[in-house]
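A short reminder: the numbers here are calculations on the coordinates, not readings from a lab. Only a predicted model underlies this, so the values are computations on that prediction, with no experimental measurement involved. Methodologically, a virtual Cβ is constructed for each residue, glycine included, from the backbone with ideal geometry; neighbour enumeration extends over all protein chains shown.
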Amino acid sequence: MSDDTLQNIREAFQTHLSEQGKHQNTIRSYANDLRQFAQWCTNTFGDEFSLAELTRSDVQDFRTFLLTRNSSPASVNRKITALRQFFEYCVQQDILMKNPAADISGISAEPRAPTVLVRKDALLLARTAERSPGPLEAAVILLLLHSGLRSSEVCNITVGDVHLTPREGRLFIKGQRGKTTRFVYLSTRAQNAMRQYMRWRGVTIMAKRLRKEPLFITYEGSALTQQSVDQLVKRIGKSAGLPDITPSMLRNTYAANALQGGKSIETLARAMGVSSLKTLQKLKSDLIPDTEN
């Protein structure tokens, strides 16, 4: 369908809404929603997509796309309502035979399962970090993605918390009061990234005078903060073509992968320093098909 044809239908629909007495804010919102849907269709199906060929599954896929963009339930529901009314108008005008959004349900306002990265995006993010000119990016990204650390925990790691041998690597993770609460094992890729970072940092695990020093510092020499971790993750995500990536998404991805690999919720909670099992239970039930809590 040409852009002009679709634009004409959308403009006629807006006129229809105005004649029905809809508020101008509602009409503008619906117009923006329809433009977003049209752009999604173009990106998904190509420039010559046809309204007549759209199915219920396509509308569901669009709804899923919105959720991956962290749209609020209210925003998603409004967009689905806009599509439902637009398609109904098209049916009335004999443009469509049926409304593909007629029975698409809205999104519950209840908390959704944590957002995670699919496998190919997680691999892409890791590779992008490993290709960075400096070693800090890969070390931080792989700790978040492969060990499920919180950004605050990454910032609190000291030189003395790192234990690397030729065969394994692990970190002691402290609680808020500085007491060791757990240790986590490092993946092979995370170990390699940590070794490269520590060589750049100019420290070894034998440097006793530095054992209480923060391990991670910026390239300017200041201690890493949660804000700088957020900025680092967002920058690497943008370079990988994955906007709006956050440290919590990487932690959630680690959890999802561990659950899919067969790790129990209780074991994973201990490994991640989680006191409440509710988030992990929701992650397992919502993101991993055919499993029991």
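Tabulated results
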| quantity | calculated |
| --- | --- |
| Once the Cα gyration tensor of the stretch 1-159 is diagonalised, semi-axes √(5λ) in Å | 41, 18, 14 |
| Exceeding the 26 Å Cα-Cα cut-off - candidates Lys120/Lys238; Lys120/Lys282; Lys120/Lys263; Lys79/Lys263 | Lys79/Lys263 |
| When the convex hull of its Cα atoms is projected in every direction, mean area for the stretch 119-287 (nm²) | 9.9 |
| With at most 16 other Cβ atoms within 10 Å, longest stretch of the chain clear of loop trypsin sites (Lys or Arg not before Pro) (DSSP) | 213-262 |
| Helix 188-201 axis, angle to the chain major axis (alpha carbon atoms, nearest 10°) | 60 |
| For the stretch 1-61 versus the stretch 221-237, the gap between their alpha-carbon centres in whole angstrom | 39 |
| Compactness of the stretch 3-92, expressed as Rg and Dmax over alpha-carbon positions, Å | 12.8, 35 |
| Residue of Ser248, Ser50, Ser151 that the Gaussian network model of the chain assigns the largest fluctuation, springs spanning Cα pairs under 10 Å | Ser50 |
| Cα-Cα pairs of the chain separated by more than 30 Å (percent) | 46 |
| GNM result for the chain, Cα springs below 10 Å: residue of Met272, Met97, Met249 fluctuating most strongly | Met97 |
| Tilt relative to the chain, helix 3-19 - C-alpha long axis, 0 to 90 degrees, to 10 | 70 |
| Selection of GluC sites (Glu not before Pro), the stretch 1-90, meeting DSSP coil and at most 15 other Cβ within 10 Å | Glu48 |
| Inter-probe distance in nm under a simple model that places probes 7 Å from Cα toward Cβ, at Asn32 and Thr5 | 2.9 |
| GNM flexibility winner over the chain from Phe65, Phe45, Phe183 (Cα, springs under 10 Å) | Phe45 |
| Nearest 10 degrees, 0 to 90: helix 136-147 Cα axis against the chain principal axis | 80 |
| Segment Lys234-Arg167, length gained on full extension (0.36 nm per residue, minus Cα span) | 20.9 nm |
| Mean ellipticity per residue at 222 nm, deg cm²/dmol - from DSSP H runs of n ≥ 4 across the chain, formula -39500 (n - 2.57) | -17500 deg cm²/dmol |
